[in-house]
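One structure is given below, encoded as structure tokens.
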Amino acid sequence: IASCLVGSEMCIRDRYKGDSAMKMRAGFFLFDKLANVTDQEKHQVLSEQEVRAYAPGLKEDLKSGFVYGEYMTEDARFTMENAASAVEHGALVANHAEVIELIEADGNITGAKVIDKYSKQTYVIQSHVTVNATGPWAQQLLENTGYQAPKKLLLSKGIHLVLSLIHI
């Protein structure tokens, strides 16, 4: 849909005295498997000297490091491209619309009642398939509409800082 908005960057994770090499290797192994990376994108172990070649100012107790591929997106543009593609394929898309009720028939969710947050007008949307694609708000949506989430969501925040070697 918008491959121009997704890019791969190589990142380095440093490992210091006291850090578990086994845990880090296991983590990167899972990262590779879950991300379904290619052979060229799989993580690699770097020696202390190889890490210092990229980042010479790191602390003295550096032991080794890992280089791995990380994908980055332009989130807002990617979301808009997905919505535009959905419309091109026949979907109805609403922005600033809040689900206030899920519609159920014969034990299945068959749509939703939504309110336009600007006009305050409500709409009933019927569908063959209803997807709760609200991300971190999935549990809140279910609870606000009288349903119980199958699991409690544990929200986390990830951040990566990408700096030019000149700035380090």
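The values are calculated or read from the model by the stated rules, or taken from the named source; none is laboratory data. Predicted model, so just to flag it, every value in this text is computed and none were measured. Note: ideal-geometry Cβ built from the backbone for every residue, glycine included; neighbour counts use all protein chains shown. Side chains included, ligands, DNA and RNA excluded: accessible areas come from the protein's heavy atoms. Shrake-Rupley method; radii C 1.70, N 1.55, O 1.52, S 1.80 Å.
Results, tabulated for the structure shown:
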item: Some residue of segment 114-136 being in a helix (DSSP H, G or I), more than 18 Å from the chain's Cα centre (by Cα) and of a type outside the set (Val, Ile, Thr); result: no
item: Residue within segment 28-49 that is more than 12 Å from TYR16 (Cα to Cα), β-branched (Val, Ile, Thr), modelled with pLDDT of 90 or more and within 23 Å of the chain's Cα centre (by Cα) present; result: no
item: Close pairs (9 angstrom Cβ cut-off, 6 or more residues apart or separate chains): under 10 Å from ASP19 (Cβ atoms) and open to solvent by 50 Å² or more (accessible area, probe 1.4 Å) in segment 57-68, modelled with pLDDT of 90 or more and part of a strand (DSSP E or B) anywhere; result: ASP61/TYR16; LYS63/ASP14; LYS63/ARG15; LYS63/TYR16
item: Residues of segment 22-51 that turn out to be in a helix (DSSP H, G or I) and in contact with a helix residue (DSSP H, G or I) (Cβ under 9 Å, 6 or more places away or on another chain), as a count; result: 3
item: Pick from segment 93-137, criterion at pLDDT below 90 and among the hydrophobic types (A, V, I, L, M, F, W, C), ranking: most open to solvent (accessible area, probe 1.4 Å); result: TRP137
item: Selection from segment 8-21 of residues that are small (Gly, Ala, Ser) and either in a helix (DSSP H, G or I) or under 16 Å from ALA55 (Cα atoms) (or both); result: ALA21
item: Matching residues in segment 69-81 - criterion: being assigned to a helix (DSSP H, G or I) and either open to solvent by less than 70 Å² (accessible area, probe 1.4 Å) or touching a Phe, Trp or Tyr at 6+ places or on another chain (Cβ under 6 Å) (or both); result: PHE78
